Amino acid sequence: MSAQLDAAGRLRHLLTLDGLPPSLLRALLECARGYVRMPHAAAPRGRDLEGRTVANLFLEPSTRTRVSFELAARRLGADVVNVESAGASMVKGETLLDTIYTLQAMRTDFFVIRTAESGAPARVAEHVEGDIAVVSGGESHVSHPTQGLLDALTIVQRKPDLDRLVVCIVGDIAHSRVARSATQALRTLGVRELRLVAPAELMPHATEFPGSDRFTDLDVALDGADVVMALRIQKERMAEAEIPDQVVYRARFGLTRERMKRALPDAIVMHPGPMNRGVEIEGDLADGPQSVIRTQVANGVAVRMAVLATLAEGARAR
Ligand code: CP
């Protein structure tokens, strides 16, 4: 993987949270707190990206990540271009790198990339010129670093003492970039306990997710949990025959208000979206008082502003 940090330890690209120092994660979260929009207040703005261009290159579908990167970049004063796979010259055979070189020739300063291809953001980071920064907007099952940051921010806003928390993640862990990035962030920040819950066929390989406990019984795993995150089944990363039966899955792994009684009374419920209501999460739970799902979405803008501003500050300092 290309270096994410420069010689002075400043963020150069953001491709994964794996291996980033706790001090940097804390600084990004602290910066993001300053960009959180307060109720009835205008959206925070800045001039950190004035005169810069951000290209959002989304080669997989996205609502939250793409729109929040666009809002974040605009609120920091950038010009923004959105390139989506269906309308891009890649459908005519142009390679990803040739698309990057084309946008680079138009003086793009930041590439935000969502892709189903493992390793693509790092490959782009190795090939861009000068101080152009690459940010992963979600890489296959591998990494979704800004999602991991916004999940960590949402948790610490409600429950600041991470070293006391039991965090339970239930669903398709094997195919989840969200679970990988969230657990990387939480482990680095010193969370007490991480519990992964999935059917055996959706558990990740034993070498992955170090320091986490694995469960196949959701009711057992929920006992004493402070934070419960439900994940979508990533059908797009499975063969037809691998897709679980939804009725069976919901009965064993669906998160419901009834099931949440096993967690602590003040436990919060998270979901990265998009949700399949009635499958991995009951609609009333997703909309209910324990849910922080819309706060996650709101925090996505603040976190992406913090990441872009931090990258721009590093470029100015080099
Ligand atoms: N959580 C997330 O990445 O959502 P989108 O796919 O809508 O961006």
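Using 0.36 nm per residue of separation minus the Cα-Cα distance, give me the extension gain between E208 and E240 in nm, one decimal.
9.1 nm
Write down Rg/Rh for the range 125-179, rounded to two decimals, with Rg from the C-alpha atoms and Rh from the Kirkwood relation over Cα pairs.
1.11
Check each of the trypsin sites (Lys or Arg not before Pro) in the range 154-254 and keep only those in coil by DSSP with at most 15 other C-beta atoms within 10 angstrom; list them in order.
R192
Whose amide H sits under 5 Å from the amide H of S140, counting only residues 5 or more places off or on another chain, with H placed in the peptide plane?
T115, A116, E117
Compute the convex hull volume of the Cα atoms of the chain, divide it by the residue count, and report the result per residue in Å³ as a whole number.
Taking the convex hull of the Cα positions in the chain, it is 133 Å³ per residue.
Just name one of T256, A302, M270: the one whose Cα is farthest towards the positive end of the charge dipole of the range 256-318 (beta-carbon charges, Lys/Arg +1, Asp/Glu -1).
Final value for the positive-end residue is A302.
Which value, in debye to the nearest 20, describes the size of the charge dipole of the range 187-287 about its Cα centre when Lys and Arg Cβ atoms bear +1, Asp and Glu Cβ atoms bear -1, and nothing else is charged?
120 debye
Among L222, L96, L17, which one shows the biggest mean-square fluctuation in a GNM of the chain, springs joining Cα atoms closer than 10 Å?
With Cα springs under 10 Å in the chain, the top fluctuation among L222, L96, L17 is at L96.
Relative to the Cα centre, what is the charge dipole magnitude of the range 155-197, using +1 at the beta carbon of each Lys and Arg, -1 at the beta carbon of each Asp and Glu, and rounding to the nearest 20 debye? Numbers along the way, then the final one.
On the way: 8 positive and 4 negative charges, 10 e Å.
Around 40 debye, computed over the range 155-197.
To the nearest 20 debye, what is the magnitude of the charge dipole of the range 83-242 about its Cα centre, counting +1 on the Cβ of each Lys and Arg and -1 on the Cβ of each Asp and Glu? Please list the in-between numbers first.
On the way: 16 positive and 24 negative charges, 53 e Å.
I would put it at about 260 debye.
If the range 233-306 were replaced by its equivalent ellipsoid, with semi-axes equal to the square roots of 5 times the Cα gyration tensor eigenvalues, what would those be, largest first, whole Å?
Equivalent-ellipsoid dimensions as semi-axes: 24, 20, 9 Å.
Rounded to a whole number, what % of the accessible area of the chain do carbon and sulfur atoms account for, probe 1.4 Å?
On the chain, the fraction of accessible area on carbon and sulfur atoms equals 50 percent.
Relative to the longest principal axis of the chain, what angle (0 to 90°, nearest 10) does the C-alpha long axis of helix 22-35 take?
80 degrees
Among A267, A230, A239, which one shows the biggest mean-square fluctuation in a GNM of the chain, springs joining Cα atoms closer than 10 Å?
For the chain, modelled as a Gaussian network with Cα springs under 10 Å, the answer is A239.
Would you mind checking which residues have amide H under 5 Å from L255's amide H? H placed 1.01 Å from N; only 5 or more apart, or other chain.
Long-range HN contacts for L255: I281, E282.
State, in angstrom, two size descriptors of the range 182-309 derived from its alpha carbons: Rg to one decimal place and Dmax to the nearest whole number.
Rg then Dmax for the range 182-309, in Å: 15.2, 45.
What's the center-to-center distance, using Cα atoms, between the range 2-71 and the range 135-199 in Å?
Taking the Cα centre of the range 135-199 as reference, the centre of the range 2-71 is 17 Å away.
In the chain, what % of DSSP beta bridges are antiparallel (nearest 5)? Don't skip to the answer; put the middle values down first.
On the way: 2 of 37 bridges.
That works out to approximately 5 percent antiparallel.
Could you check which residue among V135, V80, V307 shows the biggest mean-square fluctuation in a GNM of the chain with a 10 Å Cα cutoff?
With Cα springs under 10 Å in the chain, the top fluctuation among V135, V80, V307 is at V80.
The values are calculated or read from the model by the stated rules, or taken from the named source; none is laboratory data. The model shown is predicted, which means the values in this text are computed figures rather than measured ones. Because the Cβ atoms are built from the backbone with ideal geometry, glycine has one as well, and the counts that use them run over all protein chains shown. Side chains are part of the model used for accessible areas, which takes the heavy atoms of the whole protein and leaves out ligands, DNA and RNA. Shrake-Rupley method; radii C 1.70, N 1.55, O 1.52, S 1.80 Å.
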